[in-house]
1. How much of the calculated P(r) for region 106-178 lies past 19 Å, in percent of all Cα pairs?
2. Would you kindly state how much longer the chain becomes between residue 151 and residue 98 on full extension, computed as 0.36 nm times their sequence separation minus their alpha carbon distance, in nm to one decimal?
3. Among 304, 287, which comes first, second and so on when ranked by fewest other beta-carbon atoms within 10 Å?
4. Report the extension gain between residue 439 and residue 262 in nm, rounded to one decimal, defined as 0.36 nm multiplied by the number of residues separating them, less their alpha carbon distance.
5. Among 63, 75, which comes first, second and so on when ranked by fewest other beta-carbon atoms within 10 Å?
6. Pulled fully out, how much extra length does the chain show between residue 69 and residue 359, if you take 0.36 nm times their separation in residues and subtract their Cα-Cα distance?
7. What spacing in nm lies between the two simple spin-label points modelled at residue 60 and residue 144, each 7 Å away from Cα in the Cβ direction?
8. Counting other C-beta atoms within 10 Å, which of 323, 381 has the fewest, and how do the rest follow?
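Throughout, read-outs are computed from the coordinates displayed, never taken from laboratory work. Because the structure is a prediction, the values reported are computed rather than measured. Heads up, the Cβs are rebuilt from the backbone with ideal geometry, glycines too, and the neighbour counts pull from every protein chain shown.
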Amino acid sequence: MTTTSEETPVRRGGVRAEERALAPDLARGIMLLLIVLSNTAFHLWAARRGPSGWQPVDGSWLDHAVQFTMIIVLDLRVYPLFAFLFGYGMMQLFLRQTAAGNSERGAARILRRRSLWLIVIGLLHSTLLMAGDIVGYYGVLSLVLGLVFLRRSERALKRWICVGVVLIVFFAAQPVVSALLRGELGTLGDAGAEPGFMAYAAQEGNWLTAAQTRLETGLFVTFLASALAMVAGGYVVFLLGFWAARRRVLEEPGRNLTLLRRTAVIGIAVGWLGALPTALAHVGALDVPADAQSEEGALTLLRDVTGNTAGLGYVAVVALFVHWWSGRGAARVGAGAGAGASQGEVARAGARTGVGVGVGATVVTAVSAVGKRSLSCYLAHSLLFAPVLAAWGLGLGEHLSSWTMALFAAGVWLLTVAGAYALERAGRRGPAEAVLRRLMYGSRAKAG
């Protein structure tokens with residue numbers, strides 16, 4: 001494929017079905033379940049908040065068990081997973097475009113257009129439904145990091161990843177060192193994260209007033225929070241996605257088993273242990289001084305920083321599962337595929353033909369179908385959540401507790417799984433993906 005000029009490249013469209021790898025799609029599908037669960041605390045807008053300011057403290061022993069589990073497994077552990085997969089997908093798209101004959105500048109232009117439209121979609125989403133939108137946030141990150149790092153060498157990526165790690169450690173260590181110098185070790189307690197801009201918007205009975213709060217919050221998260229994240233090294237996981245995509249870590253997990261196993265074990269262990277003190281403080285098993293309720297408390301910083309390792313560990317677990325699943329599916333379906341088998345060669349083969357793998361293949365295909373339509377499903381969550389839970393809607397969020405809210409969230413996710421699976425069976429894209437695809441490539445892009 002050639003180009004007439006660098007200004008008017010001959011473009012291909014998005015990824016074709018046969019080019020998709022199972023691991024990234026399956027990880028995105030699981031990620032959306034984790035995101036919808038991690039956001040449940042914000043929708044409990046009438047609940048009393050605890051020392052961390054994040055999870056409620058009222059409720060039964062079952063509610064406390066859910067809160068404890070969410071602090072360790074989900075809180076600030078899902079967004080690094082999102083960032084990694086976002087960066088991974090960006091680099092996949094870039095490499096796919098250049099392999100098809102587009103120039104690097106032309107491929108970067110497509111990604112830049114995508115980032116700008118994601119910012120627009122994110123701000124609309126936050127204004128209309130959800131104050132804590134992250135689409136616009138990652139749109140800004142992808143715009144800046146794409147411009148700076150997309151065409152850099154692996155060596156440059158590694159260098160800037162190291163710089164980011166140093167920045168994260170530096171900013172996280174500041175309050176700890178300060179307390180040590182003052183001799184006030186007692187202040188190294190659970191930080192007081194704000195109880196939730198999402199809760200403030202949800203508890204407003206007037207939709208227009210709530211929309212103003214959501215817009216203000218959306219602007220803050222999209223532009224200021226993203227800028228602060230880049231300054232403080234928050235881009236690290238994003239760039240790790242760039243690096244891993246160049247090495248095809250998720251497409252070819254069998255060639256990266258040692259890396260994946262170490263990342264899974266070490267990442268999840270560090271991530272969960274790092275959040276354990278915060279979880280213990282939340283349920284009252286660890287005494288937290290009253291003067292430790294600040295946004296820079298050491299325990300919350302420890303929870304936040306180690307969340308990055310947990311997010312990477314979750315990605316590695318999914319990739320290891322896909323390695324096992326692909327080998328099993330290849331043997332039972334008879335496709336002769338290996339660990340790098342595509343989704344169509346293994347998972348869909350068992351689900352659609354019913355050969356050998358049965359219900360398991362259907363579940364894998366359904367969850368990965370959500371991952372293929374992640375933007376549509378993410379927006380659908382808000383359409384199902386906000387009107388039912390917010391005070392300006394039915395107000396159900398006032399009456400639910402942590403465990404009943406978790407059940408509600410899981411039910412919402414299952415509805416999106418059913419919808420995505422139906423679209424998969426029909427061979428149709430998600431509506432948001434179809435719109436974004438048209439905005440990115442235009443009508444002149446070659447089919448793909």
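1. Working: 1429 of 2628 pairs.
Roughly 54 percent, rounded to a whole number.
2. Numbers: separation 53, 0.36 × 53 = 19.08 nm, distance 1.11 nm.
Separation in residues times 0.36 nm, less the Cα-Cα distance, equals 18.0 nm.
3. Details: 304 22, 287 10.
Ascending number of Cβ neighbours within 10 Å: 287, 304.
4. On the way: separation 177, 0.36 × 177 = 63.72 nm, distance 3.97 nm.
Here the segment from residue 439 to residue 262 would lengthen by 59.7 nm.
5. Values: 63 22, 75 26.
Sorted ascending by nearby Cβ count, the order is 63, 75.
6. Details: separation 290, 0.36 × 290 = 104.40 nm, distance 2.84 nm.
The residue 69-residue 359 span can extend by a further 101.6 nm.
7. Once both label points are built, they end up 4.6 nm from each other.
8. Values: 323 23, 381 20.
So the residues, fewest neighbours to most, are 381, 323.
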